[in-house]
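Worksheet: one structure, shown below.
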Amino acid sequence: MKEHKGANSFTSDRQTVVTIGTFDGVHAGHRKIIERLVNSANANNLDSVVLTFFPHPRMVLQKESGIQLINTIDERKQLLEETGIDHLVVHPFTHQFSRLTAMEFVRDILVNKLRAKKIIIGYDHRFGRNRTADISDLKSFGEEFGFDVEEISQQEVEEVAVSSTKIRNALLEGRVERANMYLQHPFTLTGTIVKGRGIGKDLGFPTANLEVREEYKLIPKNGVYVIRSVIDGKMVYGMMNIGTNPTVGGKEKTIESFFFDVDKNLYGKQLQIELLVRIRDEKKFASVNDLKLAMKQDQAFSMQYIKDNYA
């Protein structure tokens, strides 16, 4: 997959089949559409192109919306690369770009820049300034500029929308196993390990404090989770606490992971951590000793879960 930072940097020797969307989560519904894109491109000796936007349009046009996305842009790129597409175009979404008319968007971006011979798009897709154009307009532009339009059915589009909503809701409810089932891959948190308060070490569970810089990234419900990650080329398992650590007087939300059989300094490392299952809610214990006991029970549960599912 070739990645292009905007349509202006796109190059290809062949004409293309293009689909357009956010593809947040790159879940099962999205993959069905992208599979159709790739198959169509291969059958017609064309290149497959996914056109997506960053920032998300709502982050620019509705800043107060507080949008939460399943993926950071880097996570989305990584997942899209796995789908077998030829090109990913991440076009910067700006106020100026949002002012393009439908004609300008089709002519200047899809036809002149991306060399579209075919466009695969949802029945309800709207585009152009103030989102005034729809799929019938796109088909008219297709006749004018010489590209075909393949419509994604209402059922498929609604399946994608429902899946995305279900995934977000499941994560906010802490039902990470259900979210992973919809995604068809584990939900991940990506960030840098930074210094924390060092309380985990005092409790006998030295934790790695993950800093997720992207404010738009959805963080699942507070609680304790079984996790895994790749550290220095090796798959390792552990458990993660998302929350404020109320037993030890914590105030700010942190994401702290304790990896089993990892005895090294992780500060400064960039980690991608997969959440596998939720163990329990975060709670305020009556004493630090009660907290230690609960963490030992969490570890025992985690070890058994890993043995049953990944050994």
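The values are calculated or read from the model by the stated rules, or taken from the named source; none is laboratory data. Being a predicted model, the structure only gives us computed values, none of them experimental. Neighbour counts are summed over all protein chains in view; Cβ atoms, including those assigned to glycine, are modelled from backbone coordinates with ideal geometry.
Tabulated data
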{"read-out": "Where Asp74 falls short, out of the listed (1) over 16 Å from the mean Cα position of the chain (by Cα); (2) among the charged types (D, E, K, R); (3) in a helix (DSSP H, G or I)", "value": "(1)"}
{"read-out": "Those residues of region 169-192 which are in contact with a helix residue (DSSP H, G or I) (Cβ under 7 Å, 6 or more places away or on another chain), in a strand (DSSP E or B) and either at pLDDT below 95 or not polar (S, T, N, Q) (or both), in sequence order", "value": "Phe187"}
{"read-out": "Complete set of residues in region 156-191 that are within 19 Å of Thr83 (Cβ to Cβ) and among the charged types (D, E, K, R)", "value": "Glu156, Glu159"}
{"read-out": "Gly66 vs. criteria buried (at least 17 other Cβ atoms within 10 Å of the Cβ) and at pLDDT below 95", "value": "no"}
{"read-out": "Search result, residues across region 193-210 that are within 16 Å of Val262 (Cα to Cα) and part of a helix (DSSP H, G or I)", "value": "Gly200, Lys201"}
{"read-out": "Tally, over region 261-306, of residues that are assigned to a loop (DSSP other than H, G, I, E, B), surrounded by 13 or more Cβ atoms within 10 Å (Cβ to Cβ) and hydrophobic (A, V, I, L, M, F, W, C)", "value": "3"}
{"read-out": "Candidates Leu110, Leu88, filtered to the one that is hydrophobic (A, V, I, L, M, F, W, C), under 30 Å from Lys217 (Cα atoms) and part of a strand (DSSP E or B)", "value": "Leu88"}
{"read-out": "Residue satisfying condition, being touching a helix residue (DSSP H, G or I) at 6+ places or on another chain (Cβ under 8 Å), of a type outside the set (S, T, N, Q) and buried (at least 20 other Cβ atoms within 10 Å of the Cβ), within set Val226, Val248", "value": "Val226"}
{"read-out": "All positions within region 80-117 that are within 21 Å of Asp13 (Cβ to Cβ) and of a type in the set (Lys, Arg)", "value": "Lys113, Arg115, Lys117"}
{"read-out": "Failed item in (1) under 21 Å from the mean Cα position of the chain (by Cα); (2) at pLDDT 95 or above; (3) among the basic types (Lys, Arg), with Arg14 passing the rest", "value": "(1)"}
{"read-out": "Neighbours by Cβ (under 8 Å, 6+ apart or cross-chain): first from region 112-136, assigned by TED's automatic domain parsing to the domain that holds Glu150 and more than 21 Å from His95 (Cα to Cα); second of a type in the set (S, T, N, Q) and part of a loop (DSSP other than H, G, I, E, B)", "value": "Arg115/Ser12; Arg115/Gln15; Ala116/Gln15; Lys117/Gln15; Lys117/Asn44; Lys118/Asn44; Tyr123/Ser153"}
